[in-house]
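Structure first, then comments.
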Amino acid sequence: MSGVVFLETVRRHVTNVAYLIALLIFAIFACLAGGMGAASGMWTAVVNLAGVVLACQLIGPEFSSGTLQLVLAKPVNRSSYLVARYCGVLVAIAILFVVPMLFDVAARVLVHEEHFSTTMLAAPLNAAATFIVAAALFALFGSMTRSYLNVAIYFIIETVLYAAEPVLRTIENGKFAISPFFKAHPGIRAGVMKVTQNVFPQVSASFEWRWMVMVISNGAIALLLACLIFRGREVPYGAD
């Protein structure tokens with residue numbers, strides 16, 4: 001991994017005015033939620049959107065601006081560059097979750113007078129951990145597609161997978177021509193559910209090591225595929 005690319009990626013995000021404003025808003029929102037005793041981590045849904053915005057730009061801007069060929073002209077391995085960019089974006093996303101979490105916990109303990117427990121940390125940290133997979137998927141899609149098209153691919157796949165399970169259940173319990181086949185093979189629906197859980201893991205309300213291992217391993221696989229594809233992609237001179 002290239003340390004220079006990693007540090008530059010982190011610096012570019014944490015010094016961005018829009019990023020700092022968003023971080024401040026998230027911290028205030030989390031503080032208010034904690035002070036009112038709202039459900040732990042209820043504010044993470046808003047931060048998820050910011051995380052998607054950061055993750056989807058993991059590769060795209062360098063292609064679109066034509067600066068990537070300048071970076072790769074230096075002695076930087078493509079895989080090292082991509083892994084460094086990925087790790088830098090993960091750190092920037094993690095900050096968006098960790099800082100508001102600290103305000104949330106402080107407000108719960110000091111204002112709402114709750115007793116501190118690790119459950120206060122679980123939802124925000126697990127929500128941040130899901131981007132281990134999400135950012136790797138954006139790196140994978142970004143290594144194949146034009147800028148921001150990877151966002152459409154990501155949400156289309158997510159929508160299709162989440163819609164597939166209830167559709168298959170309806171078919172199984174219905175009287176369609178294909179219902180007997182799916183009723184006799186429930187493993188198809190179970191397989192779709194398993195794929196959905198692995199690619200788009202649901203945030204756990206507690207710390208579970210098996211869930212974390214699944215997230216890390218799936219993220220590693222997606223990132224490996226991204227590196228393999230990125231190594232063979234032609235770097236354009238000019239707008240992508």
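Kindly indicate which of 145, 130, 118 is more than 21 Å from residue 88 (Cβ to Cβ) and among the β-branched types (Val, Ile, Thr). Quick ask: steps written out before the conclusion?
Working: 145 fails: more than 21 Å from residue 88 (Cβ to Cβ); 130 fails: more than 21 Å from residue 88 (Cβ to Cβ).
Of 145, 130, 118, the one residue that is more than 21 Å from residue 88 (Cβ to Cβ) and among the β-branched types (Val, Ile, Thr) is 118.
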Which ones in segment 165-175 are surrounded by 14 or more Cβ atoms within 10 Å (Cβ to Cβ) and either at positive phi or basic (Lys, Arg) (or both)? 169
Residue 128 fails exactly one of (1) over 21 Å from residue 40 (Cβ atoms); (2) of a type in the set (A, V, I, L, M); (3) surrounded by 15 or more Cβ atoms within 10 Å (Cβ to Cβ), namely (1)
Residue tally, condition more than 17 Å from residue 54 (Cα to Cα), in a helix (DSSP H, G or I) and either at pLDDT 90 or above or not aliphatic (A, V, I, L, M) (or both), over segment 108-155: 5
The helices (runs of 4 or more DSSP H) lying entirely within segment 1-58 that contain at least 1 residues which are farther than 18 Å from residue 87 by Cα are 17-35, 44-56
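Any residue in segment 147-164 that is more than 18 Å from the chain's Cα centre (by Cα) and surrounded by fewer than 16 Cβ atoms within 10 Å (Cβ to Cβ)? Full working, then the answer.
At the first step, the residues of segment 147-164 found to be more than 18 Å from the chain's Cα centre (by Cα) are 163-164.
With the extra rule that they be surrounded by fewer than 16 Cβ atoms within 10 Å (Cβ to Cβ), the set shrinks to 163.
Scanning segment 147-164, I find at least one residue that is more than 18 Å from the chain's Cα centre (by Cα) and surrounded by fewer than 16 Cβ atoms within 10 Å (Cβ to Cβ), so the answer is yes.
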Of the residues in segment 176-231, those that are out of contact with any helix residue (DSSP H, G or I) (no Cβ under 8 Å at 6 or more places or on another chain) and buried (at least 16 other Cβ atoms within 10 Å of the Cβ) come to none
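The values are calculated or read from the model by the stated rules, or taken from the named source; none is laboratory data. All figures in this text were calculated on a predicted structure; none of them were measured in a lab. Counting neighbours? That spans all protein chains shown, and the Cβs are built from the backbone with ideal geometry, glycine included.
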